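The values are calculated or read from the model by the stated rules, or taken from the named source; none is laboratory data. No experiment lies behind these values; they were computed from the predicted model shown. Reconstructed Cβ throughout: ideal geometry from the backbone, glycine too, with neighbour counts over all protein chains shown. Ligands, DNA and RNA are stripped out before the accessible areas are found, and what is left, the full protein with its side chains, is counted by its heavy atoms. Shrake-Rupley method; radii C 1.70, N 1.55, O 1.52, S 1.80 Å.
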Amino acid sequence: MSLIPSNLEESLSDSIQELSRENPIMHDQVDWKETPEAHVLKADVPGLKKEEVKVEVEDGRVLQITGERSVERDDVNAAGDHRVERSSGKFMRSFTLPANCKMDEVKASIQDGVLTVTVPKEGANQRLASQNSN
């Protein structure tokens, strides 16, 4: 049972779809995997440099990923032909992480167009040490 009235839910869904059509970057999807040692988030950010993506911790436990893909300015040919299909604009995603995360040890990297954010978990080193001693 949804606590959101169906007409509001439909309206919100329509608004999100409209925003996604206007700015497809907002629709970027993120994979979130939890391992015994860390939370690992991965997002496709093709064509972006590390300087164009920002990973920050807000309010203690909120991981925020922001960035901007700029429009490439090309010269229009003599006939006036010009077509741009690749999306551009700003994007932002926020994730509230569990209390067992070491938010001061967040690591992020971009390789082959994939942003990987690793957030270690509290006690992960202790669990590994106890497993290795057995």
Would you confirm, using the coordinates I've provided, whether F95 is of a type in the set (F, W, Y) and either at pLDDT 90 or above or exposed (fewer than 10 other Cβ atoms within 10 Å of the Cβ) (or both)? yes
Among strands (runs of 3 or more DSSP E) completely within the range 9-60, the ones holding 3 or more residues that are under 16 Å from K107 (Cα atoms), open to solvent by 80 Å² or more (accessible area, probe 1.4 Å) and at pLDDT 90 or above are 30-34
What are the residues in the range 32-67 that are touching a residue at least 40 places away in the same chain (Cβ under 8 Å) and aliphatic (A, V, I, L, M), if any? A38, V40, L41, A43, V45, L48, V53, V55, V57, L63, I65
In the range 103-113, the residues that are in contact with a helix residue (DSSP H, G or I) (Cβ under 9 Å, 6 or more places away or on another chain) and exposed (fewer than 15 other Cβ atoms within 10 Å of the Cβ): S109
